[in-house]
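To start, the structure itself, in structure tokens.
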Amino acid sequence: SNEKSVPQLLIRDLKFENTSLAKLMFSPDQENHPSKAPVKYGELIVLGYNGSLPNGDRGRRKSRFALFKRPKANGVKPSTVHIACTPQAAKAISNKDQHSISYTLSRAQTVVVEYTHDSNTDMFQIGRSTESPIDFVVTDTVPGSQSNSDTQSVQSTISRFACRIICERNPPFTARIYAAGFDSSKNIFLGEKAAKWKTSDGQMDGLTTNGVLVMHPRNGFTEDSKPGVWREISVCGNVFSLRETRSAQQRGKMVENETNQLQDGSLIDLCGATLLWRTAEGLSRTPTVKHLEALRQEINAARPQCPVGFNTLAFPSMKRKDVVDEKQPWVYLNCGHVHGYHNWGNKEERDGKDRECPMCRSVGPYVPLWLGCEAGFYVDAGPPTHAFSPCGHVCSEKTTAYWSQIPLPHGTHTFHAACPFCAHQLAGEQGYIRLIFQGPLD
């Protein structure tokens, strides 16, 4: 900075009290007696929500969903295959107590695969439907939307019964994902237009209209994570390269050496919403909300100041994460200088969107900063030193670096990087910026 007399500080220069933070690093699960706690397979977290849905989490509709071992197994596995429209096939479809998948090949021919109870697995279903077979109700994510009313007018592209996750009830509690979920009649129905085929061993398989895409990160979900390759998962859990567009009739190539097994950090895209899968083990290494709150208090205790108004800045509490506070820090996105809100450098001809930073004169967007409160998105427990651009969500450097590299599906055939906390498409060279705070003058 050209202002030699003004002390500047980066958040990483603060002396964080590692001892106190270390105690907060562990998930609440670990503090309980593990023998009595139910087995947790993992959690699904919807991208674009910073800790909860805009109108609050209610019932099966929330921003994150934990999968626990069920008191009684409810998994299913394929058994008998019926070909053509025999009375047996018709009975299998109409039998409300029997799970089945129907593949309509033509008006004259339907293949029905009956599924039988599997005492070794638990099944969880995800989709837009609010009917009882759906465990986790997911609606379309509108980037940066502050209320669910913003989403009502959008024609949903998420399937009513989008996918199912099958978890092994015994260690290591492997979780696998399959396209499509069973409806209230315990049936999955692939119509004439759906992509479907007979496999080499005589079984049937198919894809859903808009598909279920999965990306497994390389090196797990850690500070060394790198994006993997997006694949499509079939109704039977096979892995394919992507179709040309989301709902093209022609399936991609089968990827023999990859599986539908979810790993910590796997992303699941349902065409309208993207979910992050975190294993129970992975979550135990992730910062908790307590830890993030300690980091927030640590920043505020350093009393960063506005270089223009010299007023002390403070990040609002996690509960007030949508209302701009008078002490709220603001940032110039081109340079990273943090200020309080002020009208300096607001030129009318600039449309009010771009502002000139009083510290370094660089011109660019000027936005309030918000702490990333959804701990499940963090790849490490580092201090909140960086902000996504253009939304101003703040988290650790490695977390911003990771998400800025991930191409998230958007629409039917494009991909772009987005902020995990609000789903806004990232802008600028990197998609994030290092924050430069000014320390108190005394």
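Just so it is clear, none of the values below were taken in a lab; they were calculated from the coordinates. Everything numeric in this text was worked out from a predicted model, so none of it was measured. Positions of Cβ are backbone-derived with ideal geometry, glycine not excepted, and every protein chain shown enters the neighbour counts.
Worth a mention:
- The Cβ shell under 14 Å around S225 holds other residues with a net charge of 0, Lys and Arg each +1, Asp and Glu each -1.
- Amide H to amide H, with H built 1.01 Å from N, V76 comes under 5 Å of D118, counting only residues 5 or more places away or on other chains.
- Taking a sphere under 15 Å around the Cβ of G340 and counting the other residues whose Cβ falls inside, with K and R at +1 and D and E at -1, yields a net charge of +1.
- Protection proxy ranking, peptides 214-223, 375-384, average beta carbon neighbours within 10 Å, highest first: 375-384, 214-223
- Packing, as the average of other Cβ atoms within 10 Å across residues, places the peptides 423-432, 266-275 in the order 266-275, 423-432, highest first.
- DSSP bridge pairs, the range 40-285: antiparallel proportion in percent, nearest 5: 90
- In this structure, the pairs whose alpha-carbon distance is over 32 Å, taken from K186/K253; K96/K198; K196/K398; K40/K186, are K196/K398.
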